[in-house]
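Worksheet: the structure to be examined is printed underneath.
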Number of protein chains: 4
Amino acid sequence: MDYQSILNTIEQKLDKRNCKGKVAAYIPELAKVPADKLGMHLYCINSGHYSFGDSNEKFSIQSISKVFTLALAIRFVGDKLWDRVDVEPSGDPFNSLTQLEYENGIPRNPFINAGALVVADVLVTHLENPKKELLDFVRQLCEDDTIDYDERIAKSEAASGYRNVALMNYMKSFENINNDVDEVLDFYYHQCSLAMSCKELAKAFMVFANAGKQLSTGKRILGKQKVKRMNALMQTCGFYDEAGEFSFKVGLPGKSGVGGGIVAVHPQQYSVAVWSPMLNEKGNSELGMDALEELTTLTGLSIF
Amino acid sequence: MDYQSILNTIEQKLDKRNCKGKVAAYIPELAKVPADKLGMHLYCINSGHYSFGDSNEKFSIQSISKVFTLALAIRFVGDKLWDRVDVEPSGDPFNSLTQLEYENGIPRNPFINAGALVVADVLVTHLENPKKELLDFVRQLCEDDTIDYDERIAKSEAASGYRNVALMNYMKSFENINNDVDEVLDFYYHQCSLAMSCKELAKAFMVFANAGKQLSTGKRILGKQKVKRMNALMQTCGFYDEAGEFSFKVGLPGKSGVGGGIVAVHPQQYSVAVWSPMLNEKGNSELGMDALEELTTLTGLSIF
Amino acid sequence: MDYQSILNTIEQKLDKRNCKGKVAAYIPELAKVPADKLGMHLYCINSGHYSFGDSNEKFSIQSISKVFTLALAIRFVGDKLWDRVDVEPSGDPFNSLTQLEYENGIPRNPFINAGALVVADVLVTHLENPKKELLDFVRQLCEDDTIDYDERIAKSEAASGYRNVALMNYMKSFENINNDVDEVLDFYYHQCSLAMSCKELAKAFMVFANAGKQLSTGKRILGKQKVKRMNALMQTCGFYDEAGEFSFKVGLPGKSGVGGGIVAVHPQQYSVAVWSPMLNEKGNSELGMDALEELTTLTGLSIF
Amino acid sequence: MDYQSILNTIEQKLDKRNCKGKVAAYIPELAKVPADKLGMHLYCINSGHYSFGDSNEKFSIQSISKVFTLALAIRFVGDKLWDRVDVEPSGDPFNSLTQLEYENGIPRNPFINAGALVVADVLVTHLENPKKELLDFVRQLCEDDTIDYDERIAKSEAASGYRNVALMNYMKSFENINNDVDEVLDFYYHQCSLAMSCKELAKAFMVFANAGKQLSTGKRILGKQKVKRMNALMQTCGFYDEAGEFSFKVGLPGKSGVGGGIVAVHPQQYSVAVWSPMLNEKGNSELGMDALEELTTLTGLSIF
């Protein structure tokens, strides 16, 4: 079965009507997204692009942006980052404070909110203009200068972000945040507001499938060893307290966002992005999880 | 660099003298093992066997046995097993009771003690002679009928196993254990006492590198999909609360035991076992972790 | 208003029909008790006995027995007891294991199950015939040799006591239990099975209202300082995770049991016992709590 | 032994030199207080005032202020307050976030920081000029118009109060804070900064020993039932996670602050304040605890 047929099969199998997932309601702007949006884009290292549905429509990538900021932060501070953030799965929901309390303000990993806020703090320290430079980085990965923040989303998030303010101040009390709380949060809300389509996300994540090099240009963006480690992190920590489930069913490193997007990579094979805003109870796209499980089943390929 | 040269390089780099790990002391029989034992065996899917050091000496495989019992249990009850055990990383040490309390007696995954005890309970229900049938299964995987339990280890473990008795009774209070506590524990202590060498372990685990088929005979032992899922579980949960660290540094699915053994597989490439009894603070072999990190670095191969 | 009028008023106000509490179901023998039993007995230090309802009917005192065993244990080991049990309220349900995990096998206080099991272990160490000697002690307090264990209850409890077996073994793994698990549990199940009426309980607890002396004989049973401390413990820890609520509403030191009994004392004033088997969600007698709140309101007397 | 002799005996027994406690260092202004300050003031309901040492020197009352604000808040919202704050001991340190997470933003009691912040939020809602009106209330209780906030302390606390900002925002995310975070915190830091001497504190707390009436004027300040409940709360929750210990050793309702002050009351007998800035590991004045234990031992009086 060729890739496009596989994607078509997946599209047919996904049952939007009986999906029990719910569109994220915690910020008003996200709640406006139509529940029945659905798209998927597969970018193969040797054989091009395949897609279906709303694969060209931009959505809020939310936590998927944590992969981009982590990549940038590792560039600047390398393994020193791991003094301030751990690399273990959390076993708790994405915004849990309990763990921080038991572990003295060191977040479990860079993909829970607390960890991503520490990463954002690192970038605010090291970048002259963090928002611009992050945008440049993502645009470079996508070879597309139109990618941008969605200011309405960023504003909406800031207005209801009490829990993030709590996390920041709590970590600051453990001296694990160095910059001004508001400045870091402004950067963080912007990174989460990045608007990208499945096609753009798949293209951006190809660097993780291609051992750190941009596929089109062959240019090295990230060290091979760093890519290996980031993929490992996505594998064990990319899906909040459902990372095991995703690994178990899909068997690929990946990252989800509450906008309903999921990106995954199969090293040396492909990167893939899927979007459906209806989230399961753990905050991951329900149809997105199904689509990727179907993909690895139908291709007979997973990293395991 | 050929595989034997890589193993030689690893052997030279491992620094036994400066290793800060400690031999497991929680049962007297394990504490007797000489700290400076060190062996490694690599079994490649296409190109044979490589080894160094004490790779032919048998040791107590302890928690590595949980992979064998899980494979057997999945044969009998399939996906029904997941009603009684979850597939998420635990974020807690291997014998934590806290999580069981918050999650009503459902262990986080089959590789923490609580989960392995539920798996043992399943086997006691479904096997006529559990100890004999587990032994038959492992002997089949190794094509070696001399593999056996170490009764002294099993007895020693039973004599100090208060925490396991606690776990069993606690889960029984949640009705997640069906058989007599003592009978299940007797089976469990025997599985942990299995004595195997690195060479034998690498051979037994080849089934997970070879998509469920025995390499020598081509005989299917486990379904392909089941192997994929078991590898995913080893990836996210195989190293207690250091699973992230192992994944991050080594990038292979694997399983460790407090006897100092670690087995890992690279699907379609190789299985590998390493043994050094000096454990780090998390209960995993310190030099074993180093050896495997070195291996994936030197071969330039990891699943990521 | 004289005391008997106050008790009559309380009896009228208690609304058995609309009580939402439920008879304890966790052991079959307890579940058989008629839900509508209700009795109360007040024993005043200066002015005799008052009662209503089923105040002379025996019921299973369950956790109320923890006060008797604590008094006996303090006699033998004095303040050394507090190396093995703390004196802080638990904030968790009565059979929580989480706290033990974080606090290395030291129970929060002697009135949660774990703490009472340590106390039982102390008595098994120090008494030649623990069951007989506890009975002698309670009979002495009541001046009544007919008081006895209810063997059916003890047996029923033993048959379903997985959680207590778990607690015992868990604490034994921390070396906080010295005797054989089964022997201690046999003693513990017997202490819980003590069958006493409200009248008998009020009489037995008079020693805590009367600064350690038996009221009828003037004989010193417990040191004044020890009584002060035991009353303080009943105040802060006598009602599982509802100790604050009881203190807040009733304002007396007391102890409840899942048999539906509650005993409380007002030092230098009275001891009082009430019984109604319908338990609220926290495991305390709903009408019993109401009756005692009414009592301190109507008498205008509380320790605060 | 008369009261002044008892106080003299206490003063002699307290061993400042061997006290292992440490002056609170978490805000710079508190750290400046000389460690060897020590004073005590006893105010008897029938027989006047007794004191020793630095009993007339003002210090920062810190958490003791939570009793004043609670009294005021209960005036305004009565029992409705308990929908937003519970009355159970916490079993956790005073600034724990874990409990809030498990209990959906409802603080365990009004004397942990989270609970006091909710109380402050209530006052900001109901008082036109909260800072002025709180001051008026305390001045009334003391019959002393010179009592005032210490602006340096308030400012110092605000500058390092990341954990309080975290608590506030976290509770706001659960909709348990209604006003502007900064406004409530400004009020809270001021209440904690109240500067009072032992003599003034003992006088202010006489209202809790005297069933709600001012002793000098006979004027009712608080309802009798409300005083009973507030005393019960001080008994079970007044000393962070050392409430049981204080109850056990001292046997009086009381409240401590990290400034080194402790106030306690014996209903119908006396109120008493002691000050020594050297805190034990739980954050309570070490010598203060000793002094009060000595007091109830020497007087032979406790509520138990």
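Roughly to the nearest percent, how much of the accessible area of chain D is carbon and sulfur, given a 1.4 Å probe?
46 percent
Please list, in chain and number order, the residues 5+ apart from B:Leu279 or on another chain whose amide H is under 5 Å from its amide H, with Hs placed from the backbone.
So B:Leu279 has HN proximity to B:Lys22, B:Val23, B:Ala24, B:Glu286.
Counting other C-beta atoms within 10 Å, and keeping those with at most 11, which DSSP coil GluC sites (Glu not before Pro) do you find in the range B:235-304?
In loop regions of the range B:235-304 (DSSP not H, G, I, E or B), the sparsely surrounded GluC sites (Glu not before Pro) are B:Glu281.
Mind checking which aspartates and glutamates have their Cα closer than 15 Å to the Cα of C:Lys132? Skip sequence neighbours fewer than 8 apart in that chain.
List returned: C:Asp144, C:Asp145, C:Asp148, C:Asp150, C:Glu151, C:Glu183, C:Asp186.
Which of the lysines could a cross-linker bridge to A:Lys213, judged by Cα under 17 Å and excluding same-chain residues fewer than eight apart?
A:Lys203, A:Lys224, A:Lys226, A:Lys228
Spin-label point model (7 Å from Cα, Cβ direction): what's the B:Ser216 to B:Lys132 distance in nm?
2.4 nm
Could you state the per residue volume, in Å³, of the convex hull enclosing the Cα atoms of chain A?
Each residue corresponds to 113 Å³ of Cα convex hull volume.
May I ask for the net charge around B:Asp15, where only other residues with Cβ less than 14 Å from the Cβ of B:Asp15 are counted and Lys, Arg are +1 while Asp, Glu are -1?
-2
In whole Å, what are the extents of the protein assembly as shown along the principal axes defined by its C-alpha atoms, from largest to smallest?
94, 67, 61
Which net charge results for the neighbourhood of C:Phe59, defined as the other residues with beta-carbon distances under 11 angstrom from its beta-carbon, given Lys and Arg at +1 and Asp and Glu at -1?
Around C:Phe59, the charge tally is -2.
Measuring from a point 7 Å out along Cα→Cβ, what nm distances, shortest first, does C:Asp144 have to its partners in the other copies?
5.4, 7.1, 8.3
Mind checking the angle between helix C:198-209 and chain C's longest principal axis? C-alpha axes, 0 to 90 degrees, to the nearest 10.
80 degrees
So what's the angle, to the nearest 10 degrees on a 0 to 90 scale, between helix A:3-13 and the longest Cα principal axis of chain A?
Approximately 80 degrees, to the nearest 10.
Taking just the alpha carbons, could you work out the radius of gyration and Dmax for the range A:136-282, both in angstroms?
16.5, 45
On the rotation axis linking copies D and B, which residue of D comes nearest by its Cβ, and by how many whole Å?
With distances in whole Å, chain D gives D:Tyr102, 4.
Can you tell me the Rg and the Dmax, both Å, for the Cα atoms in the range B:63-193?
Cα-based Rg and Dmax for the range B:63-193 come out at 14.0, 43 Å.
So with the 1.4 Å probe, I'd like the accessible area per residue for the range D:63-193, rounded to whole Å².
For the range D:63-193, the per-residue accessible area is 35 Å².
Provide a whole-number value for the mean count of partner chain Cβ atoms within 10 Å of the Cβ atoms in peptide A:161-174.
Per residue, the number of nearby Cβ atoms from other chains is 6 on average.
What does the charge count around D:Asn178 come to, taking other residues whose C-beta lies under 12 Å from its C-beta (Lys +1, Arg +1, Asp -1, Glu -1)?
Within the 12 Å Cβ shell, the charges total -2.
Using a 10 Å cut-off on Cβ to Cβ distances, tally the other chain neighbours for every residue of A:26-34 and report the average as a whole number.
0
Please compute the average number of Cβ atoms from other chains found within 10 Å of each residue's Cβ in peptide A:81-90.
4
Quick one: Cα centre-to-centre distance for the range A:71-150 and the range A:19-41, in angstrom?
24 Å
Round to the nearest 10 and give me the degree value, 0 to 90, for the angle of helix C:113-126's Cα axis relative to the longest principal axis of chain C.
Once rounded, the angle reads 70 degrees.
Highest mean first, what order results for C:218-231, D:14-27, D:154-167 on Cβ atoms within 10 Å?
Final packing ranking: D:154-167, C:218-231, D:14-27.
Binning at 5 Å from 0, report for the range D:218-288 what percent of all alpha-carbon pair distances ends up in each bin.
That works out to 4, 17, 26, 25, 14, 9, 4, 1, 0, in percent per bin.
Put the label 7 Å from Cα along Cα→Cβ for C:Lys20; what are its distances to the other copies, in nanometres, shortest first?
2.6, 4.8, 5.5
Largest first and to the nearest Å, give the Cα extent of the range D:39-131 along each principal axis.
Between the extreme Cα coordinates on each principal axis of the range D:39-131 lie 46, 32, 25 Å.
Find every distance from the label point of C:Glu57 to the corresponding label point in the other copies (7 Å from Cα along Cα→Cβ) and write them in nm, one decimal, shortest first.
Between copies, matching label points for C:Glu57 lie 6.5, 6.7, 7.2 nm apart.
The values are calculated or read from the model by the stated rules, or taken from the named source; none is laboratory data. Being a predicted model, the structure only gives us computed values, none of them experimental. Neighbour counts are summed over all protein chains in view; Cβ atoms, including those assigned to glycine, are modelled from backbone coordinates with ideal geometry. Quick note on the areas: whole protein, heavy atoms, side chains included, nothing else; ligands and nucleic acids left out. Shrake-Rupley method; radii C 1.70, N 1.55, O 1.52, S 1.80 Å.
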